[in-house]
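Peer 1: I'd like to ask some things about the structure below.
The values are calculated or read from the model by the stated rules, or taken from the named source; none is laboratory data. Nothing here was measured: the structure is a model prediction, and the numbers come from that model. Cβ placement follows ideal geometry from the backbone for every residue including glycine, while neighbour counts extend to all protein chains displayed.
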Amino acid sequence: MACNLEAMGFYVYVDESGDEGFKFKGGSSEWFVLSAVIVPDTSELEIMKRVVDGTRAALRRNGVPKNKLKTLHFRDLKHEQRLPYIHRISKEDQLTTVVVLIDKTKLTSDNFRGGHELYFYGVRLLLERVSWFCKNASDNHGARIYFSNRGSMSYDDLKRYFVHLSKQKTAIDWAVLDTNEMFTLTAGQRMGLMVADAVASSYFYAVEASSYGFTETRYASMLLPRAFRGNSGNILGYGVKFFPENPDIDDLAWLAE
(Lines give C-alpha, C1' and ligand atoms only; values in the text may rest on other atoms or scores of the structure.)
Protein backbone atom coordinates (compact mmCIF):
# COMPACT_ATOMS: atom_id res chain seq x y z
CA MET A 1 0.00 0.00 0.00
CA ALA A 2 3.02 2.29 -0.22
CA CYS A 3 2.15 4.06 -3.45
CA ASN A 4 3.91 7.30 -4.25
CA LEU A 5 1.37 10.08 -3.65
CA GLU A 6 3.72 13.05 -3.97
CA ALA A 7 2.49 13.38 -7.53
CA MET A 8 -0.89 11.73 -7.40
CA GLY A 9 -0.99 10.70 -11.02
CA PHE A 10 -4.69 9.94 -11.48
CA TYR A 11 -8.14 10.76 -10.24
CA VAL A 12 -10.60 7.87 -10.37
CA TYR A 13 -14.37 8.34 -10.15
CA VAL A 14 -16.63 5.39 -9.32
CA ASP A 15 -20.39 5.05 -9.74
CA GLU A 16 -22.91 2.32 -10.49
CA SER A 17 -26.16 1.59 -12.29
CA GLY A 18 -28.80 -0.98 -11.49
CA ASP A 19 -29.33 -2.46 -8.04
CA GLU A 20 -28.10 -5.29 -5.83
CA GLY A 21 -31.49 -6.97 -5.42
CA PHE A 22 -32.42 -10.46 -6.59
CA LYS A 23 -36.22 -10.17 -6.82
CA PHE A 24 -36.21 -10.16 -10.61
CA LYS A 25 -40.00 -10.29 -10.90
CA GLY A 26 -40.38 -7.76 -8.15
CA GLY A 27 -38.52 -4.82 -9.62
CA SER A 28 -34.84 -5.77 -9.25
CA SER A 29 -32.60 -5.26 -12.28
CA GLU A 30 -30.99 -8.34 -13.83
CA TRP A 31 -27.67 -6.50 -14.20
CA PHE A 32 -25.56 -4.46 -11.81
CA VAL A 33 -22.92 -2.26 -13.45
CA LEU A 34 -20.00 -0.41 -11.87
CA SER A 35 -17.87 2.12 -13.69
CA ALA A 36 -14.57 3.88 -13.11
CA VAL A 37 -13.49 7.00 -14.98
CA ILE A 38 -9.73 7.61 -14.84
CA VAL A 39 -8.11 10.93 -15.71
CA PRO A 40 -4.63 12.42 -15.13
CA ASP A 41 -4.60 14.74 -12.14
CA THR A 42 -2.80 17.45 -14.12
CA SER A 43 -5.59 17.78 -16.69
CA GLU A 44 -8.62 16.56 -14.73
CA LEU A 45 -10.31 19.95 -14.39
CA GLU A 46 -9.86 20.83 -18.07
CA ILE A 47 -11.26 17.46 -19.17
CA MET A 48 -14.29 17.62 -16.90
CA LYS A 49 -15.08 21.20 -17.86
CA ARG A 50 -15.01 20.28 -21.55
CA VAL A 51 -17.28 17.32 -20.96
CA VAL A 52 -19.71 18.54 -18.31
CA ASP A 53 -19.77 22.30 -18.91
CA GLY A 54 -19.72 21.68 -22.66
CA THR A 55 -22.75 19.41 -22.35
CA ARG A 56 -24.55 21.88 -20.11
CA ALA A 57 -23.99 24.67 -22.62
CA ALA A 58 -25.25 22.53 -25.51
CA LEU A 59 -28.38 21.55 -23.61
CA ARG A 60 -29.07 25.16 -22.56
CA ARG A 61 -28.85 26.22 -26.19
CA ASN A 62 -31.54 23.68 -26.92
CA GLY A 63 -33.92 24.93 -24.29
CA VAL A 64 -33.08 22.92 -21.15
CA PRO A 65 -33.44 25.23 -18.12
CA LYS A 66 -30.19 26.01 -16.31
CA ASN A 67 -31.61 24.89 -12.94
CA LYS A 68 -32.06 21.35 -14.30
CA LEU A 69 -28.40 21.06 -15.27
CA LYS A 70 -26.61 21.65 -11.96
CA THR A 71 -26.10 17.90 -11.55
CA LEU A 72 -26.27 15.90 -14.76
CA HIS A 73 -28.10 12.63 -14.14
CA PHE A 74 -27.93 10.43 -17.23
CA ARG A 75 -31.24 8.73 -16.52
CA ASP A 76 -33.00 12.11 -16.38
CA LEU A 77 -31.85 13.09 -19.88
CA LYS A 78 -33.71 12.28 -23.06
CA HIS A 79 -32.04 10.11 -25.71
CA GLU A 80 -31.24 13.09 -27.94
CA GLN A 81 -29.67 14.88 -24.94
CA ARG A 82 -27.57 11.88 -23.90
CA LEU A 83 -25.88 11.55 -27.30
CA PRO A 84 -23.89 14.82 -27.23
CA TYR A 85 -22.89 14.05 -23.63
CA ILE A 86 -21.53 10.61 -24.57
CA HIS A 87 -19.93 12.05 -27.70
CA ARG A 88 -17.94 14.52 -25.59
CA ILE A 89 -16.75 11.76 -23.26
CA SER A 90 -15.77 9.56 -26.20
CA LYS A 91 -13.50 12.26 -27.68
CA GLU A 92 -11.39 12.80 -24.55
CA ASP A 93 -8.17 10.92 -25.33
CA GLN A 94 -6.82 11.27 -21.78
CA LEU A 95 -9.96 9.80 -20.22
CA THR A 96 -10.07 6.04 -19.63
CA THR A 97 -13.00 3.90 -18.52
CA VAL A 98 -13.31 0.56 -16.77
CA VAL A 99 -16.68 -1.14 -16.30
CA VAL A 100 -17.74 -4.31 -14.50
CA LEU A 101 -21.01 -5.81 -15.70
CA ILE A 102 -22.54 -8.32 -13.29
CA ASP A 103 -25.26 -10.65 -14.56
CA LYS A 104 -27.10 -11.33 -11.31
CA THR A 105 -29.26 -14.01 -12.90
CA LYS A 106 -26.16 -16.22 -13.13
CA LEU A 107 -25.07 -15.78 -9.52
CA THR A 108 -25.92 -18.87 -7.51
CA SER A 109 -23.95 -18.18 -4.34
CA ASP A 110 -25.84 -16.80 -1.36
CA ASN A 111 -22.69 -14.82 -0.49
CA PHE A 112 -23.88 -11.99 -2.76
CA ARG A 113 -27.45 -11.83 -1.47
CA GLY A 114 -27.04 -10.07 1.83
CA GLY A 115 -26.02 -6.52 2.66
CA HIS A 116 -23.61 -4.92 0.18
CA GLU A 117 -21.41 -7.93 -0.58
CA LEU A 118 -22.17 -7.70 -4.30
CA TYR A 119 -21.13 -4.05 -4.41
CA PHE A 120 -17.95 -4.77 -2.47
CA TYR A 121 -16.96 -7.60 -4.80
CA GLY A 122 -17.82 -5.57 -7.90
CA VAL A 123 -15.64 -2.70 -6.67
CA ARG A 124 -12.85 -5.20 -6.05
CA LEU A 125 -13.02 -6.34 -9.69
CA LEU A 126 -13.16 -2.71 -10.79
CA LEU A 127 -10.14 -1.58 -8.77
CA GLU A 128 -8.09 -4.55 -9.92
CA ARG A 129 -8.32 -3.17 -13.43
CA VAL A 130 -7.89 0.43 -12.34
CA SER A 131 -4.64 -0.57 -10.62
CA TRP A 132 -3.43 -2.39 -13.76
CA PHE A 133 -4.07 0.72 -15.85
CA CYS A 134 -2.34 3.04 -13.38
CA LYS A 135 0.65 0.72 -13.09
CA ASN A 136 0.99 0.45 -16.88
CA ALA A 137 0.67 4.20 -17.31
CA SER A 138 3.16 5.21 -14.60
CA ASP A 139 5.33 3.24 -12.22
CA ASN A 140 5.65 6.17 -9.86
CA HIS A 141 2.21 7.67 -9.46
CA GLY A 142 -0.80 6.48 -7.51
CA ALA A 143 -4.51 7.20 -7.76
CA ARG A 144 -7.02 9.09 -5.63
CA ILE A 145 -10.41 7.41 -5.77
CA TYR A 146 -13.78 9.13 -5.34
CA PHE A 147 -16.88 7.01 -4.79
CA SER A 148 -20.35 8.35 -5.46
CA ASN A 149 -22.14 8.38 -2.13
CA ARG A 150 -24.61 5.58 -1.45
CA GLY A 151 -26.65 6.72 1.51
CA SER A 152 -27.50 3.26 2.79
CA MET A 153 -23.92 1.96 2.89
CA SER A 154 -21.01 2.47 5.24
CA TYR A 155 -17.85 3.51 3.42
CA ASP A 156 -15.89 2.78 6.57
CA ASP A 157 -16.90 -0.86 6.00
CA LEU A 158 -15.74 -0.59 2.39
CA LYS A 159 -12.38 0.80 3.52
CA ARG A 160 -12.00 -1.98 6.07
CA TYR A 161 -12.71 -4.49 3.31
CA PHE A 162 -9.91 -3.09 1.17
CA VAL A 163 -7.52 -2.86 4.12
CA HIS A 164 -8.22 -6.57 4.62
CA LEU A 165 -7.59 -7.27 0.92
CA SER A 166 -4.35 -5.29 0.96
CA LYS A 167 -2.93 -7.79 3.43
CA GLN A 168 -3.71 -10.73 1.17
CA LYS A 169 -2.58 -11.87 -2.24
CA THR A 170 -5.02 -10.41 -4.77
CA ALA A 171 -4.95 -9.09 -8.32
CA ILE A 172 -5.01 -5.49 -7.05
CA ASP A 173 -1.64 -3.78 -7.48
CA TRP A 174 -1.27 -1.97 -4.16
CA ALA A 175 1.84 -0.19 -5.43
CA VAL A 176 -0.50 2.36 -7.04
CA LEU A 177 -3.56 2.25 -4.74
CA ASP A 178 -3.91 3.28 -1.10
CA THR A 179 -6.97 2.94 1.10
CA ASN A 180 -6.12 6.33 2.63
CA GLU A 181 -6.75 7.88 -0.78
CA MET A 182 -10.37 6.68 -1.10
CA PHE A 183 -13.13 9.24 -0.52
CA THR A 184 -16.91 9.55 -0.76
CA LEU A 185 -18.75 12.51 -2.30
CA THR A 186 -22.10 13.28 -3.87
CA ALA A 187 -22.24 13.62 -7.65
CA GLY A 188 -22.79 17.36 -7.37
CA GLN A 189 -19.48 17.82 -5.57
CA ARG A 190 -17.27 16.51 -8.42
CA MET A 191 -17.97 16.64 -12.12
CA GLY A 192 -16.05 13.38 -12.52
CA LEU A 193 -18.77 11.55 -10.61
CA MET A 194 -21.36 12.83 -13.09
CA VAL A 195 -19.26 11.40 -15.91
CA ALA A 196 -18.91 8.09 -14.06
CA ASP A 197 -22.70 8.02 -13.75
CA ALA A 198 -23.05 8.53 -17.51
CA VAL A 199 -20.59 5.71 -18.25
CA ALA A 200 -22.24 3.26 -15.83
CA SER A 201 -25.70 4.04 -17.18
CA SER A 202 -24.53 3.73 -20.79
CA TYR A 203 -23.26 0.20 -20.28
CA PHE A 204 -26.28 -0.69 -18.14
CA TYR A 205 -28.63 0.20 -20.98
CA ALA A 206 -26.55 -2.00 -23.32
CA VAL A 207 -27.27 -5.14 -21.28
CA GLU A 208 -30.46 -4.50 -19.29
CA ALA A 209 -33.60 -4.96 -21.37
CA SER A 210 -36.34 -2.35 -21.03
CA SER A 211 -39.91 -3.28 -20.13
CA TYR A 212 -40.45 -3.66 -23.89
CA GLY A 213 -37.64 -6.20 -24.15
CA PHE A 214 -35.05 -4.03 -25.91
CA THR A 215 -31.55 -2.88 -24.99
CA GLU A 216 -29.91 0.38 -26.09
CA THR A 217 -26.31 -0.27 -27.15
CA ARG A 218 -25.45 2.96 -28.90
CA TYR A 219 -24.07 4.75 -25.84
CA ALA A 220 -21.73 1.90 -24.85
CA SER A 221 -20.60 1.44 -28.44
CA MET A 222 -19.69 5.14 -28.64
CA LEU A 223 -17.68 4.84 -25.41
CA LEU A 224 -15.58 1.81 -26.42
CA PRO A 225 -12.65 3.97 -27.68
CA ARG A 226 -12.19 5.13 -24.08
CA ALA A 227 -12.13 1.61 -22.59
CA PHE A 228 -8.91 0.40 -20.97
CA ARG A 229 -7.04 -2.10 -23.14
CA GLY A 230 -4.64 -4.71 -21.87
CA ASN A 231 -1.11 -5.09 -23.22
CA SER A 232 -2.45 -7.28 -26.02
CA GLY A 233 -5.01 -4.64 -26.98
CA ASN A 234 -7.97 -6.56 -25.57
CA ILE A 235 -10.91 -4.69 -24.07
CA LEU A 236 -12.70 -7.77 -22.70
CA GLY A 237 -11.38 -8.60 -19.27
CA TYR A 238 -9.76 -5.17 -18.96
CA GLY A 239 -11.88 -2.12 -19.78
CA VAL A 240 -15.00 -4.28 -19.95
CA LYS A 241 -15.25 -7.11 -17.40
CA PHE A 242 -18.23 -9.45 -17.23
CA PHE A 243 -19.01 -11.43 -14.09
CA PRO A 244 -19.46 -14.31 -13.52
CA GLU A 245 -18.36 -15.12 -17.09
CA ASN A 246 -17.98 -13.49 -20.48
CA PRO A 247 -21.14 -13.86 -22.55
CA ASP A 248 -20.97 -15.15 -26.10
CA ILE A 249 -19.64 -12.25 -28.18
CA ASP A 250 -22.33 -12.99 -30.78
CA ASP A 251 -24.87 -11.76 -28.23
CA LEU A 252 -22.96 -8.50 -27.82
CA ALA A 253 -22.39 -7.17 -31.32
CA TRP A 254 -21.65 -3.71 -29.91
CA LEU A 255 -18.44 -5.12 -28.42
CA ALA A 256 -17.19 -6.53 -31.72
CA GLU A 257 -14.34 -4.52 -33.23
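Peer 1: Could you list, in sequence order, all residues of the stretch 51-93 that are touching a residue at least 60 places away in the same chain (Cβ under 8 Å), assigned to a helix (DSSP H, G or I) and among the polar types (S, T, N, Q)?
Peer 2: Result: SER90, single match.
Peer 1: Just checking, does the stretch 182-204 include any residue being outside any helix (DSSP H, G or I), touching a strand residue (DSSP E or B) at 6+ places or on another chain (Cβ under 6 Å) and under 14 Å from LEU252 (Cβ atoms)?
Peer 2: Within the stretch 182-204 (the criterion being outside any helix (DSSP H, G or I), touching a strand residue (DSSP E or B) at 6+ places or on another chain (Cβ under 6 Å) and under 14 Å from LEU252 (Cβ atoms)), the answer is no, since none of the residues qualifies.
Peer 1: Mind checking whether some residue in the stretch 32-42 is modelled with pLDDT of 95 or more and among the acidic types (Asp, Glu)?
Peer 2: No, the conditions are met nowhere in the stretch 32-42.
Peer 1: Any chance the stretch 178-188 includes a residue that's closer than 25 Å to ASN149 by Cβ, among the charged types (D, E, K, R) and in contact with a Leu (Cβ under 7 Å, 6 or more places away or on another chain)?
Peer 2: yes
Peer 1: Which of the residues spanning the stretch 229-248 are over 19 Å from the mean Cα position of the chain (by Cα) and without any contact (Cβ under 8 Å) to a residue 12 or more places away in the chain?
Peer 2: Scanning the stretch 229-248 gives SER232, GLY233, ASP248.
Peer 1: Among the residues of the stretch 205-228, which ones are part of a loop (DSSP other than H, G, I, E, B) and either more than 15 Å from the chain's Cα centre (by Cα) or exposed (fewer than 13 other Cβ atoms within 10 Å of the Cβ) (or both)?
Peer 2: If the condition is that a residue be part of a loop (DSSP other than H, G, I, E, B) and either more than 15 Å from the chain's Cα centre (by Cα) or exposed (fewer than 13 other Cβ atoms within 10 Å of the Cβ) (or both), then GLU208, ALA209, SER210, SER211, TYR212, GLY213, PHE214, THR215, GLU216, THR217 are the ones that fit.
Peer 1: In the stretch 58-75, how many residues are within 18 Å of the chain's Cα centre (by Cα) and either within 15 Å of ALA200 (Cα to Cα) or not hydroxyl-bearing (Ser, Thr, Tyr) (or both)?
Peer 2: Going through the stretch 58-75 one residue at a time, the tally reaches 4.
Peer 1: Take TYR203 and decide whether it is out of contact with any helix residue (DSSP H, G or I) (no Cβ under 6 Å at 6 or more places or on another chain) and among the aromatic types (Phe, Trp, Tyr).
Peer 2: no
Peer 1: Those residues that are crowded, with 19+ Cβ neighbours inside 10 Å and either farther than 22 Å from ASN246 by Cβ or touching a helix residue (DSSP H, G or I) at 6+ places or on another chain (Cβ under 7 Å) (or both), I need them from the stretch 124-141; list them, please.
Peer 2: Matches in the stretch 124-141: CYS134, HIS141.
Peer 1: Residues in the stretch 94-114: is at least one of a type outside the set (D, E, K, R), over 23 Å from ALA209 (Cα atoms), out of contact with any helix residue (DSSP H, G or I) (no Cβ under 8 Å at 6 or more places or on another chain) and not in a helix (DSSP H, G or I)?
Peer 2: yes
Peer 1: Which residue pairs have Cβ atoms closer than 9 Å, lie 6 or more positions apart in sequence or on different chains, and pair a first residue in the stretch 157-170 that is surrounded by 11 or more Cβ atoms within 10 Å (Cβ to Cβ) with a second residue that is outside any helix (DSSP H, G or I) and among the charged types (D, E, K, R)?
Peer 2: Listed by first residue and then by second, the contacts come to SER166/ASP178.
Peer 1: Turning to a different aspect of this structure: Take ARG50 and decide whether it is at pLDDT 95 or above, surrounded by fewer than 18 Cβ atoms within 10 Å (Cβ to Cβ) and among the basic types (Lys, Arg).
Peer 2: For ARG50, the condition - at pLDDT 95 or above, surrounded by fewer than 18 Cβ atoms within 10 Å (Cβ to Cβ) and among the basic types (Lys, Arg) - is met.
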